[in-house]
Each structure stands twice: as structure tokens, then as C-alpha cells.
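Student: After the C-alpha cells below, expect a handful of questions from me.
The values are calculated or read from the model by the stated rules, or taken from the named source; none is laboratory data. All values derive from a computational prediction rather than experimental measurement. We place every Cβ from the backbone using ideal geometry, glycine too, and count neighbours over all the protein chains shown. Only protein heavy atoms, including side chains, enter the accessible area calculation; ligands, DNA and RNA are left aside. Shrake-Rupley method; radii C 1.70, N 1.55, O 1.52, S 1.80 Å.
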Amino acid sequence: MSDTFTVWHHDTIGSTNDEARRQAAAGAPHGTVIHADEQTSGRGRRSHVWFSPPGNLYMSLLLRTGQPAHRITELSFLTALAVADTVEALMPVNIKPMLKWPNDVLVNGAKIAGILLEQVDDATIIGIGLNVLEAPTGSGYRTTTIVANGGIASVDGARDILLDRFGHHLAAWQQCGFAPIRDQWLARTYPIGAAIRVNGNGAAMVGSFVGLDDDGALLLDTPQGRQRLIAGEVARV
Ligand code: BTN
């Protein structure tokens with residue numbers, strides 16, 4: 001059975017992740033969801049600003065999974081799967097979202113969603129931004145939206161599908177562990193053996209994609225041998 005979620009809606013907020021962190025510190029239960037129509041201080045990974053005008057989905061899920069800390073990054077792959085399911089459900093049938101390590105969701109090579117995972121003591125906060133109507137410009141990478149690809153969605157409709165898919169994958173993760181999530185994630189990313197570049201810590205590494213380690217680390221075969229990467233930006237070469 002899927003978990004149930006309680007949604008707290010705000011017209012405008014600084015950042016749903018910040019509000020979820022405050023709620024976590026105040027003892028809010030597992031399944032609390034903060035949803036806002038717009039954010040004035042939306043945050044992305046590596047302290048980037050997340051473009052947050054009305055028309056897109058901005059929400060943060062507060063989870064208390066009871067799982068050990070080293071398993072928490074698995075949730076970002078699980079979340080990417082739920083977002084990809086949602087995008088696929090809202091798009092014309094010929095359009096298939098694709099996943100890019102660690103947790104980007106792309107449509108025709110353009111980013112359609114972002115996921116920001118944070119930990120506050122025993123609470124995990126999963127922030128999700130999904131471009132429904134508005135795509136940011138000037139972010140340094142290509143972006144797109146549900147509507148630009150011929151999809152039909154209300155923001156609340158997208159939220160409800162996403163919570164349903166997230167609940168489904170979370171229940172599977174709790175019962176069966178990471179391996180089935182990893183397999184589903186791998187089925188939607190670059191083929192094994194694809195040539196990719198990983199930029200991280202100021203250095204770039206090129207090699208062939210091997211897959212994911214048991215904990216979600218990226219495995220890359222390079223002329224220097226097999227590399228195990230836990231952070232970086234991936235691009236196909
Ligand atoms: C990324 O950089 O790809 C992650 C972006 C995450 C954005 C979402 S929008 C809802 C939540 N609130 C935030 O301030 N950030 C996340």
C-alpha cells in the first residue's frame with residue numbers, strides 16, 4: 001500500500017524546501033508536503049537559483065523513512081522515477097522522458113524537472129520543481145516544459161500524479177530495497193557502454209557508462225580504469 005501525503009498549499013513562499021525544513025524541525029510527520037504556486041527564493045543544487053514563477057509545480061516532501069543515513073541518496077533515484085512517470089503520463093505517447101545521473105529528468109535532451117534532497121536530523125526533504133508552463137532561460141543548459149511538448153496538465157493534476165507515483169515507488173523501496181529502483185532507473189538512462197563525460201571538482205573524465213553501484217554511485221570505465229563517482233555533471237559525448 002502507498003503512503004499517504006498531507007499537502008499544505010501556499011500561494012507564495014520563499015522556498016518549499018526551507019518551509020519543509022522548518023516543519024521538520026517542529027516535528028511534522030512523515031508524509032507532510034509543502035506545495036507553493038510560486039517561490040521567491042527557490043533553490044537548486046550547488047546553490048543555484050531555481051526559477052519559480054507561477055505555472056510550474058514546486059513542492060517538498062518531508063519523509064521519516066527510518067532507514068539508515070547511507071541509504072538516503074537512493075531516494076533521489078526513486079524521486080526521478082516518479083517524476084519521469086508523471087511526465088510520461090502527461091505527454092503525448094511518442095514522447096519518453098529520459099533520466100540523467102544523478103536525478104535529472106530530460107525530454108528531448110532538455111531539463112524539465114529538478115530534484116533537491118536535503119537531510120534535517122532524521123527527516124529527509126525532497127524538493128521537486130517540475131516545469132509545466134514556464135521554462136527558465138539563461139541557466140546554461142536547455143530547458144523545456146510539459147506544455148511545450150504538447151502535454152496537457154494543470155499544476156495540481158501534475159502534483160497528484162506525482163504523489164501517487166512517488167508513493168508507489170517509496171512503498172516498493174521500503175519492501176524490496178534499492179535494486180528494483182536502480183533497474184528501473186537504468187532502463188530509462190543512457191545505454192550501458194555509452195560514451196559520457198562527467199564534470200566534477202573542476203576536472204572532466206570521459207569513459208563508457210557501466211551502470212550504478214549498489215548505492216547509486218556512477219560507474220565509468222576510463223583508460224585509467226574503472227571509476228566510481230558520487231558527484232558530478234554528466235553529458236553524452
Ligand atoms: C536542481 O538544481 O536541479 C534542483 C532544483 C530543485 C527545485 C525545487 S522547487 C521545490 C523545492 N524548493 C526549492 O527551493 N527547491 C526545490
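Student: Report, in degrees rounded to the nearest 10, the 0 to 90 angle that the Cα long axis of helix 155-176 makes with the longest principal axis of the chain.
Tutor: For 155-176 against the chain, the angle is about 60 degrees.
Student: Hey, in the GNM for the chain with a 10 angstrom Cα cutoff, which one of S47, S139, S76 fluctuates hardest?
Tutor: So, out of S47, S139, S76, the one fluctuating most is S47.
Student: Ok, one more. Hey, can you grab everything whose amide H is under 5 Å from the amide H of K111? Only 5+ residues off in sequence or another chain; H modelled, so Pro and N-termini drop out.
Tutor: HN-HN under 5 Å from K111: R142, T143, T144.
Student: Could you state the accessible area per residue of the chain in Å², with a 1.4 Å probe and every protein chain left in place?
Tutor: Numbers: 10700 Å² over 237 residues.
Each residue of the chain exposes 45 Å² on average to a 1.4 Å probe.
Student: Can you pull the one-decimal nm distance between simple spin-label points at S139 and N94, each 7 Å off the Cα toward Cβ?
Tutor: In this crude spin-label approximation the distance works out to 2.6 nm.
Student: For the stretch 17-146, what is the per residue volume of the convex hull drawn over the alpha-carbon atoms, in cubic angstrom? Walk me through the numbers before you get to the answer.
Tutor: Values: hull volume 13.8 nm³, N = 130.
Residue-normalised Cα hull volume stands at 107 Å³.
Student: Along its three principal axes, how long is the stretch 102-193 when you only count alpha carbons? Whole Å, largest extent first please.
Tutor: That works out to 38, 37, 26 Å along the principal axes.
Student: Counting trypsin sites (Lys or Arg not before Pro) as exposed when in a DSSP loop with at most 16 other beta carbons within 10 Å, what is the longest stretch of the chain free of them? Present the calculation step by step, with values, prior to reporting the outcome.
Tutor: Values: sites that count: R64, R142.
Result for the longest clean stretch: 143-237.
Student: Further question: Pairwise over distinct Cα atoms, reciprocal of the mean inverse distance: report the Kirkwood radius of the stretch 1-50 in Å, one decimal place.
Tutor: Working: mean 1/r = 0.0852 Å⁻¹.
Over the stretch 1-50, the inverse of the mean reciprocal pair distance is 11.7 Å.
Student: Classify the stretch 96-135 from the C-alpha gyration tensor, please: rounded if a/c falls under 1.5, else prolate or oblate depending on whether a/b exceeds b/c. Each step should come with its number before you reach the end.
Tutor: Working: a/c = 4.10, a/b = 1.96, b/c = 2.09.
Note, shape of the stretch 96-135 comes out oblate.
Student: Choose one of Q227, G211, A195: the residue whose Cα lies farthest towards the positive end of the charge dipole of the stretch 195-236 (beta-carbon charges +1 Lys, Arg; -1 Asp, Glu; about the Cα centre).
Tutor: After comparing all options, I get A195.
Student: Let me spell out the model: positive unit charges on the Cβ of Lys and Arg, negative unit charges on the Cβ of Asp and Glu, origin at the Cα centre of the chain. What dipole size does that give, in debye rounded to 20? All intermediate terms of the calculation are to be shown ahead of the outcome.
Tutor: Working: 19 positive and 23 negative charges, 150 e Å.
Here the chain has a charge dipole of around 720 debye.
Student: Quick one: pull the percent of accessible area on the chain belonging to carbon and sulfur, 1.4 Å probe, ligands and nucleic acids left out. Don't skip to the answer; put the middle values down first.
Tutor: On the way: 5660 of 10700 Å².
C and S fraction of accessible area: 53 percent.
Student: Could you work out the helix-only [θ] at 222 nm for the chain, with each DSSP H run of four or more residues adding -39,500 (n - 2.57) and the total divided by the number of residues, to the nearest 500 deg cm²/dmol? Intermediate results must be reported in sequence, preceding the final value.
Tutor: On the way: 4 runs with 57 residues, N = 237.
So the helix-based figure for the chain works out to -8000 deg cm²/dmol.
Student: Compute log10 of I(q)/I(0) for the stretch 195-236 with the Debye formula, placing one identical point scatterer on every Cα and leaving out solvent, at q = 0.19, 0.21, 0.22, 0.31 Å⁻¹, to two decimals.
Tutor: -0.47, -0.57, -0.63, -1.21
Student: How large is the Kirkwood hydrodynamic radius of the chain, counting all unique pairs of alpha carbons, in Å? Please list the in-between numbers first.
Tutor: Values: mean 1/r = 0.0553 Å⁻¹.
Taking every pair of different Cα atoms in the chain, averaging 1/r and inverting gives 18.1 Å.
Student: Tilt of helix 74-90 relative to the longest C-alpha principal axis of the chain, in degrees (0 to 90, nearest 10)?
Tutor: Taking Cα atoms only, the helix is inclined about 70 degrees.
Student: In whole percent, what relative contact order does the stretch 6-186 give with Cα contacts below 8 Å and a gap of six or more residues? Let's see the in-between values first.
Tutor: Numbers: 343 pairs, mean separation 38.8, N = 181.
Result for the stretch 6-186 is 21 percent.
Student: Another question, then. Roughly speaking, what is the stretch gain from H10 to N201, that is 0.36 nm per residue apart minus the C-alpha to C-alpha distance, in nm to one decimal? All intermediate terms of the calculation are to be shown ahead of the outcome.
Tutor: Details: separation 191, 0.36 × 191 = 68.76 nm, distance 3.70 nm.
Between H10 and N201, full extension yields 65.1 nm more.
Student: Using the Karplus curve 6.51 cos²θ - 1.76 cosθ + 1.60 with θ = phi - 60°, what ³J(HN,Hα) values do you get for each residue of the stretch 33-48, in whole Hz, with x for Gly and Pro?
Tutor: Karplus values, whole Hz, x for Gly and Pro: 10, 9, 10, 10, 6, 8, 10, 9, 9, x, 10, x, 5, 6, 6, 6.
Student: GNM on the chain, C-alpha springs below 10 Å: top fluctuator among T40, T16, T137?
Tutor: T137
Student: Tell me, what HN-Hα J-couplings in whole Hz come from the Karplus equation 6.51 cos²θ - 1.76 cosθ + 1.60 at θ = phi - 60° for each residue of the stretch 18-28, using x for Gly and Pro?
Tutor: 5, 5, 5, 5, 4, 5, 4, 5, 8, x, 4
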